[in-house]
Amino acid sequence: MYPGPLDPTPGGQAISMVDFSRPDFVKYPRFQRAIEAGQVAEMEPGDALFLPSMWWHQVEALSPFNILINYWWNTSPRYLGQATDVLKHALLGIKDCPKQEKLAWKAIFDYYIFGESDNAGKHLPEEAHGALGKIDSTIARRLRSQIINKLNR
């Protein structure tokens, strides 16, 4: 989707740099695949559309007067924080590392974060799971405190 900068945007999320009404397929050749996979929903007054979290979407007005109400629904508890903060921290700590280090960090993230949620601590006794177990508000507060302490050094 050729995301733009991570600096704040009107909606607070990264946006595509492609002009959807006149896509430049020379500059953005893989965007053709996005168009092929895309779906169109023409809305009528009073209609609502639910888009699952992390789905890219584009809104286009078909008449001169329109109202769009957008609500970012998040089913995760607030104490878990925002994944965009993790992304920014990874940019700071990993992005410019040598390739071999980045590959090692990718494997670590795959193991702890993107693998099955109970796999990383399966070999540990339950009392030693800590953040590898179910994260509740107490564990989240402890992790956040550790991160803040590291950042403030």
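Filter region 42-60 down to residues that are farther than 22 Å from Ala14 by Cβ and free of Cβ contacts under 8 Å to residues at least 12 places away in the same chain, then give me how many there are.
Summing the residues that are farther than 22 Å from Ala14 by Cβ and free of Cβ contacts under 8 Å to residues at least 12 places away in the same chain in region 42-60 gives 6.
Filter region 121-153 down to residues that are more than 18 Å from Ala83 (Cβ to Cβ) and small (Gly, Ala, Ser) and give me whichever is modelled with the highest pLDDT.
Top of the filtered list is Ser145.
Condition (residue is surrounded by 10 or more Cβ atoms within 10 Å (Cβ to Cβ) and aromatic (Phe, Trp, Tyr)) applied to region 32-55: is it met by at least one residue?
Within region 32-55, not a single residue is surrounded by 10 or more Cβ atoms within 10 Å (Cβ to Cβ) and aromatic (Phe, Trp, Tyr).
So for region 74-87 (the condition being over 22 Å from the mean Cα position of the chain (by Cα) and either exposed (fewer than 12 other Cβ atoms within 10 Å of the Cβ) or outside the structural domain of Ala48 (by TED's automatic domain parsing) (or both)), does at least one residue qualify?
no
Say we look at region 61-80 and pick out the residues that are touching an Asp or Glu at 6+ places or on another chain (Cβ under 9 Å) and touching a residue at least 60 places away in the same chain (Cβ under 8 Å); which of these is nearest to Leu143 (Cα to Cα)?
Tyr79
I need the full set of residues from region 1-45 which are among the hydrophobic types (A, V, I, L, M, F, W, C) and not in a loop (DSSP other than H, G, I, E, B), in order please.
Hits for region 1-45 are Phe31, Ala34, Ile35, Ala37.
The values are calculated or read from the model by the stated rules, or taken from the named source; none is laboratory data. Note that the coordinates shown come from a computational prediction; the quantities given were computed from them, not determined experimentally. Virtual Cβ from ideal backbone geometry, glycine too; neighbours counted across all protein chains shown.
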